[in-house]
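The values are calculated or read from the model by the stated rules, or taken from the named source; none is laboratory data. Remember, it's a predicted structure, so these values are computed and weren't measured experimentally. Glycine gets a Cβ as well: all are built from the backbone with ideal geometry, and neighbour counts include every protein chain shown. Surface accessibility is based on the protein's heavy atoms, side chains included, excluding ligands, DNA and RNA. Shrake-Rupley method; radii C 1.70, N 1.55, O 1.52, S 1.80 Å.
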Amino acid sequence: MRRGDEREPAEDCPVCDADGRERRKARRAARREARKREREALKRLPRRERLRAWWRTRPLGLVFAVYLAVYLAAATAISLAVVECLSAWNNGYYEVEVTLAGGRVRRGVVDSGPYIYDPASQELLPASELNLPGDGPYAVFIATGEWGTGSDYVPEEGRTISTLYATTDMVRNGQIRLYDWGLNYNDWYPQEEVLETNNSISAEDLARYDELSRAGRAQTVELFSQMTGVDLEAAFGEGLVSNTAYYAASQQPEGLLPWILALATGLTPVIAYGGLGWFAFRRFYRVHIERPLGELSAAAQRIAAQDLDFSIEPVRGRELGRLSKTLEAMRASLLEAQRELWRTAEERRRLNAAFAHDMRTPVTVLKGTVEMAKMRLARGAEVDERELDTIAGQAVRLERYAQAMSGVAKLEDRPVEREEMAIPELVERLRAHAVEVVAARAGELKVCLEGGHEGGPAASQTAWVDLALVEEVLDNLLSNACGHARERITVLVRAKNGMLDVSVTDDGDGFTPEALRRGCDPFYSENKSAEHFGLGLNISHILCGLHGGSLDLSNAEQGGARVCAHFEIGVDQNPAEGGPKSDDPEVGENPKKRQGGGRGFSRFRREQKS
């Protein structure tokens, strides 16, 4: 094809769209049918095994999602539990012990703040931060809680024992360190001019630092009153509202264990998520990927080594399970082909042995006749014309033997040309052909016709059949029947369930037990002659196999021999209906014609290639 003659495929093709919809519909129907079969198979299992069997056939994506969900839930729970335990352990090194009013001793972690300093009581008061409107870093700190007069601070009722509020005594005793909370700075009061070198505030400098800080920082209490019209000092009390707050921190404990606990607390989520992730995903890979692939790889190696005497069980996972079923089907097909090849080799061995056996008689006759002729010539006598006729007859017989042998060897390569034909027409043509053959071979015999088409759906009214092949088989069966029948031959032609049955019964003596067993062997005959070598039933047997059927020998109940030929003619042989496809390009051009013989033809083709 020249480049100029190339055409772009049509983008909008109604036929293609319809075909695509039909294929998608067929795939959905196949999936629904597969799910139905899976549910039925699960119902047949004991209750304890149902969940395990169901889990083995889940898709790998779903299995991975379940693994991921379990991993995240377990890692989160373990992280929270371990962090809580380590934090409680580590907090024990930062706890302080104080004696409250009434002589009660309390031990716990000091609350970090914020606190404000009350000049009247010279005590730290827990406070709350109230940000001023706007985006500036300004806030007001208001004391919270309940307290008495003087320096006696009383915590709120119901406060847990594990948390304590900072006091000036704790700062003075060195139990905690006090820092500026920040905020409310301005250009005239830099932080570095007030705080000490280490940024901590001692108990002795607290009062002076608080006084200077309140005076030098931004006056947020007055700013809040101007913005909102609320006088916080009047509302909460003088000295309980401030623009300066403090942060309390426990002293760093001595030793390495607190630092180790703090480091372990920070690393716990990393270790939990990383360790459990490695364990979960390694188990997923080993159980659901590595192990099934290992089993499939071992099975493939055994198949490659032609060790086919085993079965491949379905593996975990829906996707890999389908692959295992495909490998099992391939193994079974290869095993069947191997067995068929062995049977073919055995049949050929028997064929050669039978051919060699039957060749002995004409060869012996030829040798004897030649020796007699030589003896006559040695005595000076002439060769008898009868001896020459004997030699010529035996030579013709040898030639026929060779032709028969060649015909049997080439028969298995014969293509099967199937054509579409109405079943009632097929039955009537075969019955008429049977009458014609018997009339030509043995006109004195009576022909009884039986059978017909057993009706069914409209789709079953069509057959895909090689009529010439079927008629050739029928000719062989009728030829044998005409040679043994006394008065009558019964011919039954019936089409049912995608099979064509052609049965020929005579009223002769019937088959002997040995004939029933070896009747289809090549060159087997109880009444051999120079014209008949015992190949009729063997040829018919091969032709039936090419057409996907078989040949059966039996004796009729009322006496006589019966030979029944079966041919596959079902609609599944039609490529348009999704049956086996042919490599012959003619099939694509003419859907009414198909070269090939279904399963039987494929089997014989595999034997020839092997």
Pseudo-spin-label distance Thr512 to Glu313, built 7 Å along Cα→Cβ, given in nm, is 5.2
How do Tyr71, Tyr285 rank by accessible surface area computed with a 1.4 Å probe, from largest to smallest?
Tyr285, Tyr71
Solvent exposure, largest accessible area first (probe 1.4 Å, DNA, RNA and ligands not counted), of Glu436, Glu444
Glu444, Glu436
Which value, in Å² rounded to 10, gives the accessible area of Arg28 with a 1.4 Å probe and all protein chains present?
110
Run the 1.4 Å probe and let me know the accessible area of Arg322, rounded to the nearest 10 Å².
140
Ranking Glu22, Glu514 from most to least accessible area with a 1.4 Å probe gives Glu22, Glu514
Calculate the FRET efficiency for Ser112 and Trp278 from the Cβ-Cβ distance with a Förster distance of 25 Å, rounded to the nearest 0.05.
0.10
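Highest mean first, what order results for 421-432, 168-179 on Cβ atoms within 10 Å? Present the calculation step by step, with values, prior to reporting the outcome.
Values: 421-432: 16.4, 168-179: 18.1.
Result, highest mean first: 168-179, 421-432.
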Have a look at Ala245, Phe281, Ala298 and report the one farthest towards the positive end of the charge dipole of region 225-341, computed about the Cα centre with Cβ charges (Lys/Arg +1, Asp/Glu -1).
Ala298
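Taking the Cβ of Val63 as the center, what net charge do the other residues with Cβ under 12 Å away carry, scoring Lys and Arg +1 and Asp and Glu -1?
Values: positive: Arg56, Arg58, Arg283, Arg316, Arg318; negative: Glu319.
Result for the local shell: +4.
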Would you mind telling me the share, in percent, of accessible area of region 197-328 contributed by carbon and sulfur at probe 1.4 angstrom?
57
With all protein chains present, calculate the accessible area of His433 using a 1.4 Å probe and round the result to the nearest 10 Å².
40
Compute the distance from the alpha-carbon center of region 414-445 to that of region 112-132, in whole Å.
116
Starting from the 7 Å offset along Cα-to-Cβ, what nm value, one decimal, do you get for the label separation of Ala41 and Val435?
5.4
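Determine, for each peptide in 128-136, 216-224, the mean count of other beta carbons within 10 angstrom over its residues, then list the peptides with the highest first. Could you put the intermediate results ahead of the total?
Working: 128-136: 12.4, 216-224: 19.3.
For the peptides 128-136, 216-224, the packing ranking is 216-224, 128-136.
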